1. From the list Val112, Val126, which one is buried (at least 18 other Cβ atoms within 10 Å of the Cβ), aliphatic (A, V, I, L, M) and over 14 Å from the mean Cα position of the chain (by Cα)?
2. Could you run through region 72-107 and say how many residues are more than 20 Å from Gly32 (Cβ to Cβ) and over 14 Å from the mean Cα position of the chain (by Cα)?
3. Condition first: part of a helix (DSSP H, G or I), within 19 Å of Pro53 (Cβ to Cβ) and without any contact (Cβ under 8 Å) to a residue 60 or more places away in the chain. Now tell me which residues in region 3-20 satisfy that.
4. Pick from region 129-149 the residues that are in contact (Cβ under 8 Å) with a residue 40 or more places away in the chain and surrounded by fewer than 14 Cβ atoms within 10 Å (Cβ to Cβ): which of them is nearest to Phe93 (Cα to Cα)?
5. Sort through Ile39, Ile57, Ile67, Ile12 and tell me the only one that's among the β-branched types (Val, Ile, Thr), in contact with a Cys (Cβ under 7 Å, 6 or more places away or on another chain) and modelled with pLDDT of 90 or more.
6. For region 105-144, which residues satisfy the criterion of being under 18 Å from Ile86 (Cα atoms) and of a type in the set (Gly, Ala, Ser)?
7. Can you go through Gly119, Gly143, Gly123 and tell me which one is in contact with a Phe, Trp or Tyr (Cβ under 7 Å, 6 or more places away or on another chain), of a type in the set (Gly, Ala, Ser) and at pLDDT below 85?
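The values are calculated or read from the model by the stated rules, or taken from the named source; none is laboratory data. Since this is a predicted model, take the numbers as computed values, not measurements. Note: ideal-geometry Cβ built from the backbone for every residue, glycine included; neighbour counts use all protein chains shown.
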Amino acid sequence: MRTMQRMIGLPIVSMATGKEIGQICDGCMCDGRIAGFIIKRKHALLHHHGFLPFEAIQHLGEQAVMIDEDTKVENVADTHKQYDPICTSRKKFKGKPVLSSEGDMLGLAEDVYFSMEVGTIIGYEVTDGWLSDIKEGRKVVKGHDLLLCKERAILSL
C-alpha cells in the first residue's frame, strides 16, 4: 500500500536506456483507481508535462518508478483531463470536504492510499485540521465509491 504524497517527486527511469525521464508531480484517479501520473519531463523543450498511465509501470519502488521504455509517457491531452487530479489544479481532490453518503462530515481530503500492484484505491486520509492532527492523528477512511463534485467529495462507506 502506498500514498500519493510518497509518490510525488519520485524519478521515472527507463529500463531500456537507464535515463531519468522525469519526476512525478501528481496522480490522477478515475473510477476507484489510480489512472496514471502527471510527470514533469526532465529534458523537454515544448511539452514540459506528460502523462504516465499506471499500466505502463513495470516496477514501483521506494526510490524510483521503472518503465520499460520512455515512449510510454504520453503528452497531456484532453482525454487525460477527464481524470481527477489529486494534489494540483483547480479540480484537485486534496482539501475538499469529504462527506459520507449519509451526509456526515468525515473531514478534509488529505491523501489517497492505493495498491501498488494494480492501482486500486484502498482508502482516503482525511483531516479535521492541524490541531486535531497533532492530538489525535489523521483518519484513514476506507470506502468503495467516491463521487467528486466541484465543492466536495461524497464517499460510500
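1. Val126
2. Total meeting the criteria: 11.
3. Met7
4. Asp145
5. Working: Ile57 fails: in contact with a Cys (Cβ under 7 Å, 6 or more places away or on another chain); Ile67 fails: in contact with a Cys (Cβ under 7 Å, 6 or more places away or on another chain); Ile12 fails: in contact with a Cys (Cβ under 7 Å, 6 or more places away or on another chain).
Every option except Ile39 fails the conditions.
6. If the condition is that a residue be under 18 Å from Ile86 (Cα atoms) and of a type in the set (Gly, Ala, Ser), then Gly107, Ala109, Ser115, Gly119, Gly123, Gly143 are the ones that fit.
7. Gly143 is the lone residue from the list that is in contact with a Phe, Trp or Tyr (Cβ under 7 Å, 6 or more places away or on another chain), of a type in the set (Gly, Ala, Ser) and at pLDDT below 85.
Per-residue answers, yes or no, for (1) in contact (Cβ under 8 Å) with a residue 60 or more places away in the chain; (2) touching a Ser or Thr at 6+ places or on another chain (Cβ under 7 Å); (3) over 27 Å from Glu125 (Cβ atoms):
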{"site": "Leu60", "(1), (2), (3)": "no, no, no"}
{"site": "Val73", "(1), (2), (3)": "yes, no, yes"}
{"site": "Lys81", "(1), (2), (3)": "no, no, no"}
{"site": "Cys87", "(1), (2), (3)": "yes, no, no"}
